[in-house]
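What follows is one structure encoded as structure tokens, with my remarks underneath.
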Amino acid sequence: MIFGRHERMKKRLKVIAVLPAYNAATTLKKTVSDIPKRTVHEIILVDDNSSDKTVKLAKKLKLKVFSHPQNRGYGANQKTCYTMALSAGADVVVMIHPDYQYDSSLTAELLRPILEGRVDLMLGSRIRTRAEALDGGMPLYKYISNRLLTLLENTILGQNLSEYHTGFRAYNSKVLKRIPFHRYSDDFVFDQQLIFGALATGAKIGEIPVPVRYFPEASSINFARSCIYGISILRDLSLHVLSRGSFFT
């Protein structure tokens, strides 16, 4: 096993990777190929009614595939991902966007703190330096909004994370079982609601740096959707404060 001295622990813990996919045919193979061998026991792809050959390619790659009969949204896609992973007996679930924006070769590093029992949730942060983020193609308005929202979230949630808005993350399955994620949004703010719910149940969060990769094939919401996303986070932070976290548990 790639974890060396933690081999026995990895044998006891079943790790499942989930890929919430939408029109990822051009990047799926690269994403899957970069996951280090024997890092995960199973890969599940949930397709949100893509119009390209994502499903056909996923089956060719011998992934476990589930297809939504209609487009349900990013959050709804993840709900199916986590439900399927938990049903398959996952002890740890790693979520990787199949659009190749995140470096899946770092999956082992993302998983290690959870497998060692040090944290419950791991985030792959794209924000190491401003220059690196912008040189990697992150639009300036996304970088600025990311920093402002992260500062606000850290202040309210009592954390010291460099980014909350990553699509490369891993969970101890106990966290997913404790929170009612099926009640959460079907849209992009789902990611933040998961964090709010996890923290409200006492979960410990860690992070590792990951490269920034923005390119035409990588999925990214536009300015208007980004504004809606930001407003939704502000709303949910207010709900979190007013309910003392109970709204997301």
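The values are calculated or read from the model by the stated rules, or taken from the named source; none is laboratory data. Owing to the predicted nature of the structure, the values given are computational and were not obtained by experimental measurement. Cβ: placed from backbone, ideal geometry, glycine included. Neighbour counts: every protein chain shown.
Among the residues of region 174-231, those identified as of a type in the set (Gly, Ala, Ser) and under 29 Å from Lys14 (Cβ atoms) are Ser185, Gly197, Ala198, Ala200, Gly202, Ala203, Gly206, Ser219.
Please work out if Asn172 is polar (S, T, N, Q) and at pLDDT 95 or above. Even if it seems obvious, please write down each step before you answer.
Details: polar (S, T, N, Q): yes; at pLDDT 95 or above: yes.
Yes: the conditions hold for Asn172.
Checking each residue in region 42-89 for being of a type in the set (Val, Ile, Thr) and within 15 Å of Ser185 (Cβ to Cβ) picks out only Thr80. The residue of region 121-136 that is farthest from Pro209 (Cα to Cα), among those that are in contact with an Asp or Glu (Cβ under 6 Å, 6 or more places away or on another chain) and in a strand (DSSP E or B), is Leu123. Restrict the check to region 41-52 and report whether at least one residue is free of Cβ contacts under 8 Å to residues at least 40 places away in the same chain, touching a Phe, Trp or Tyr at 6+ places or on another chain (Cβ under 7 Å), of a type outside the set (S, T, N, Q) and surrounded by fewer than 22 Cβ atoms within 10 Å (Cβ to Cβ). There is at least one residue in region 41-52 that is free of Cβ contacts under 8 Å to residues at least 40 places away in the same chain, touching a Phe, Trp or Tyr at 6+ places or on another chain (Cβ under 7 Å), of a type outside the set (S, T, N, Q) and surrounded by fewer than 22 Cβ atoms within 10 Å (Cβ to Cβ).
Just checking, does region 209-224 include any residue being in contact (Cβ under 8 Å) with a residue 12 or more places away in the chain, assigned to a helix (DSSP H, G or I) and out of contact with any Gly (no Cβ under 7 Å at 6 or more places or on another chain)? Let's see the steps before the verdict.
Narrowing region 209-224 to residues in contact (Cβ under 8 Å) with a residue 12 or more places away in the chain: 209-215, 217-221, 223.
If we keep only those that are assigned to a helix (DSSP H, G or I) too, we end up with 223.
Filter once more, keeping what is out of contact with any Gly (no Cβ under 7 Å at 6 or more places or on another chain): 223.
Yes, region 209-224 contains at least one residue that is in contact (Cβ under 8 Å) with a residue 12 or more places away in the chain, assigned to a helix (DSSP H, G or I) and out of contact with any Gly (no Cβ under 7 Å at 6 or more places or on another chain).
For every residue, the table says whether it meets (1) free of Cβ contacts under 8 Å to residues at least 12 places away in the same chain; (2) within 19 Å of Val241 (Cβ to Cβ).
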{"position": "Ile144", "(1), (2)": "yes, no"}
{"position": "Leu149", "(1), (2)": "no, yes"}
{"position": "Glu153", "(1), (2)": "no, yes"}
{"position": "Thr166", "(1), (2)": "no, no"}
{"position": "Ile179", "(1), (2)": "no, yes"}
{"position": "Ser185", "(1), (2)": "no, yes"}
{"position": "Gln192", "(1), (2)": "no, yes"}
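Name the residue that is modelled with the lowest pLDDT, counting only residues in region 130-169 that are among the hydroxyl-bearing types (Ser, Thr, Tyr) and loosely packed, with under 14 Cβ neighbours inside 10 Å.
So in region 130-169, the residues among the hydroxyl-bearing types (Ser, Thr, Tyr) come out as 141, 143, 145, 150, 155, 162, 164, 166.
Adding the requirement that they be loosely packed, with under 14 Cβ neighbours inside 10 Å leaves 141, 155.
Details: Tyr141: 90, Thr155: 97.
Checking each candidate, the answer is Tyr141.
Taken together, the residues in region 175-186 that are surrounded by fewer than 17 Cβ atoms within 10 Å (Cβ to Cβ) and under 19 Å from Ala21 (Cα atoms) amount to 2.
Across region 141-176, the number of residues qualifying as within 13 Å of Val212 (Cβ to Cβ) and either part of a helix (DSSP H, G or I) or among the acidic types (Asp, Glu) (or both) comes to 4.
Could we say that Arg235 is out of contact with any Asp or Glu (no Cβ under 8 Å at 6 or more places or on another chain), among the charged types (D, E, K, R), free of Cβ contacts under 8 Å to residues at least 12 places away in the same chain and surrounded by fewer than 15 Cβ atoms within 10 Å (Cβ to Cβ) here?
Answer is yes for this residue.
In the set Gly202, Gly206, Gly124, Gly197, only one residue is surrounded by fewer than 21 Cβ atoms within 10 Å (Cβ to Cβ) and in contact (Cβ under 8 Å) with a residue 24 or more places away in the chain; that residue is Gly206.
Could you please find all residues in region 58-100 being of a type in the set (Phe, Trp, Tyr) and either part of a loop (DSSP other than H, G, I, E, B) or in contact (Cβ under 8 Å) with a residue 60 or more places away in the chain (or both)?
Filtering region 58-100 for residues of a type in the set (Phe, Trp, Tyr) gives 66, 74, 82, 100.
Selection gives Tyr74, Tyr82, Tyr100.
Confirm whether Tyr214 is modelled with pLDDT of 95 or more and aromatic (Phe, Trp, Tyr). Here the answer is no, as Tyr214 does not meet what is asked. Counting only residues that are surrounded by 20 or more Cβ atoms within 10 Å (Cβ to Cβ) and on the phi > 0 side of the Ramachandran plot, region 83-120 holds 1 of them.
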